[in-house]
1. What is the gain in length, in nm to one decimal, between Arg149 and Ala105 on full extension, counting 0.36 nm per residue of separation less the C-alpha to C-alpha distance?
2. Would you mind putting 79-88, 128-137 in packing order, based on average other-beta-carbon counts within 10 Å, highest first?
3. Can you give me the relative contact order of the range 36-165 as a percent, contacts being Cα pairs under 8 Å and 6 or more apart?
4. Pop out the ³J(HN,Hα) list for the range 150-162 in order, Karplus 6.51 cos²θ - 1.76 cosθ + 1.60 with θ = phi - 60°, rounded to Hz; leave Gly and Pro as x.
5. With r defined as the distance between the Cβ atoms of Thr66 and Phe88 and R0 fixed at 25 Å, what FRET efficiency is calculated, to the nearest 0.05?
6. Highest mean first, how do 64-77, 144-157 rank when packing is the count of other Cβ atoms within 10 Å averaged over residues?
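Quick note: the coordinates plus some simple rules give every number you see, no bench work behind them. The structure presented is a predicted model; accordingly, all values stated were derived computationally and were not measured. Glycine gets a Cβ as well: all are built from the backbone with ideal geometry, and neighbour counts include every protein chain shown.
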Amino acid sequence: MKTPYSFSKSFAAAAAVLAVLVANSAQAAPAAEKSLYERLGGVFAIASVINHFSDAVVQNPIVGRTSKNPALRKWHTKNLDRLPGLKFMRTLWVSAATGGPFKYAPTKPGKTEFGLEEAHRDLKISPEEFDEVAAELARSLDFAKVLPRERGEVLSAFAAHKNEVTAGYKAN
């Protein structure tokens, strides 16, 4: 028959084993990785990159105000009063697409939550023009000193929408 002393001794031993198991499993369990949004530095860091990027696109000779594409040239010369709103929408899009707490709601909804085809259809953006915009985004990420891993993830997320953005383009 167990005495109260032997019971408490058994209980203490079991509790010690349980404490060791819990401590070991806590050490073995990897910490949850931060979202890309968090790794980029959140909305303020994203907004800073978008601000730089948006201004650079306007000045870019291939896709900006001197573009050979008449729709892009017109947008970057006659619609610049909309640029602050576009910067806001781009910031929301990137924030939501990278796992942030914001909800992106397009002014012209596409086929998916982050679909961009309707917003860009009238601009008739060619695949080459899309690539130049992606290069401008890469330069803005470099300007902001975004780390290589996060830079690659942002550029991959952007590239995933190439077909949507170029949906209005028709090769001659």
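1. The Arg149-Ala105 span can extend by a further 13.1 nm.
2. 128-137, 79-88
3. Details: 137 pairs, mean separation 36.8, N = 130.
With pairs under 8 Å counted, the relative contact order is 28 percent.
4. 5, 4, x, 5, 5, 5, 5, 5, 5, 4, 4, 9, 4
5. Approximately 0.50, to the nearest 0.05.
6. Final packing ranking: 64-77, 144-157.
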